[in-house]
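What follows is a set of notes on a single structure, which appears directly below.
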Amino acid sequence: MARTPIIAGNWKMNKTPAEAVAFVEALAPRAAQFANVDRVVAPPFLALTAVADALADTGLGVAAQDAHWEPSGAFTSQVSAAMLQNYVDYVIIGHSECRAYLNETDENVNRKAKAILANGLKPIIAVGESLAQNEAGETVEFVRSQVSAALDGIAPEDMADVVVAYEPIWAIGTGKSASGAIADDIIKTAVRDTVGDLYGAAVAAGLRIQYGGSVKPGNMAEYMSQPNIDGALVGGASLDVDDFCALIEIASNAKDN
Ligand code: 13P
């Protein structure tokens with residue numbers, strides 16, 4: 001079963017609603033021709049509904065950058081997966097910036113993943129090691145533990161809706177990126193094989209796994225040529241229409257067979 005590539009732009013804390021709509025109105029006609037790739041933007045919460053409206057019927061998808069697991073309640077500042085249901089297709093959870101600054105834990109990532117799936121949405125579960133862990137040779141063990149914890153209790157039939165993004169923390173926003181071969185090796189051993197151990201070979205073979213961390217038009221082809229990499233979770237380069245379109249086009253050409 002061929003895996004459809006997925007390129008997602010994580011805008012982080014960038015763009016007002018007006019800027020976000022102008023961006024996707026420029027993006028959508030140019031990205032329309034690359035329909036063999038799932039093309040997704042993840043604006044800040046404030047711009048989500050406007051972007052969802054602007055992208056209706058374009059074939060492009062929308063992601064939220066987080067979701068609370070409870071449907072509603074006394075959780076000041078939070079937005080629930082249930083509230084996002086009619087506006088987004090995907091929800092990014094477990095991002096290293098949320099783990100570092102917002103107290104995101106493996107346990108909460110797991111709760112969020114279950115709530116997202118229960119509301120008919122698709123989690124993009126971000127995992128990845130720090131520079132210190134990488135240098136200590138702990139990458140595979142650590143990423144394996146993040147993947148196992150995030151998926152705890154998730155039913156095999158829900159796994160078709162799960163995307164995992166491997167983002168080494170030392171590569172995020174730094175201009176340093178893992179080589180295609182190294183990223184592919186970690187994605188294979190720490191993510192795909194872990195899912196294979198938990199769910200069997202067929203589920204592992206169907207799982208879509210992105211690489212993230214300083215992805216640019218200049219290194220995208222190297223990632224897309226790897227057997228285990230099915231796309232990218234992109235920060236900085238997703239804020240520029242030309243660069244983001246170039247990434248989509250490279251992904252489209254790489255898997256166009
Ligand atoms: P950069 O592409 O800016 O390195 O960010 C990656 C990222 O964190 C995407 O979630």
Checklist entry - Using 0.36 nm per residue, how much length does the chain from Asn86 to Ser148 gain when fully extended, once their Cα-Cα distance is taken away? => result 19.4 nm
Next on the checklist: Report the gain in length on full extension from Ala132 to Ile182: 0.36 nm times residue separation, minus Cα-Cα distance, nm rounded to one decimal.
Outcome noted: 16.3 nm
Checklist entry - Asp53 versus Thr105, label points 7 Å from Cα toward the beta carbon: distance in nm? => result 4.0
Next on the checklist: Can you tell me, using C-alpha contacts under 8 Å and at least 6 residues apart, the relative contact order of the chain as a whole percent?
Outcome noted: 21
Checklist entry - Can you give the helix-only mean residue ellipticity at 222 nm for the chain, where every DSSP H stretch with n ≥ 4 adds -39500 (n - 2.57) and the sum goes over all residues, rounded to the nearest 500 deg cm²/dmol? => result -12000 deg cm²/dmol
Checklist outcome for this item: Per the Kirkwood formula over distinct C-alpha pairs, the hydrodynamic radius of segment 102-166 in angstrom is 12.4
Checklist entry - In terms of Cα to Cα distance under 17 Å, which lysines are near enough to Lys176, apart from those fewer than 8 places away along the same chain? => result Lys216
Next on the checklist: If I build a Gaussian network model for the chain, linking alpha-carbon pairs within less than 10 angstrom, which residue out of Ile186, Ile124, Ile209 has the largest mean-square fluctuation?
Outcome noted: Ile186
Checklist outcome for this item: One checks the Cα atoms of segment 51-174 and finds Rg and Dmax, in Å, of 15.0, 48
Checklist entry - At a Förster distance of 22 Å, what's the computed FRET efficiency of Asn14 paired with Gln78, Cβ-Cβ distance as r, to 0.05? => result 0.60
Checklist entry - If we restrict to alpha carbons, what Rg and Dmax does the chain come to, in Å? => result 16.8, 50
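Rule-based calculations on the coordinates, nothing more; no lab input. As the structure is a prediction and not an experimental result, all values here were calculated from the model. No Cβ is skipped: glycine too gets one built from the backbone with ideal geometry, and neighbour counts run over all protein chains shown.
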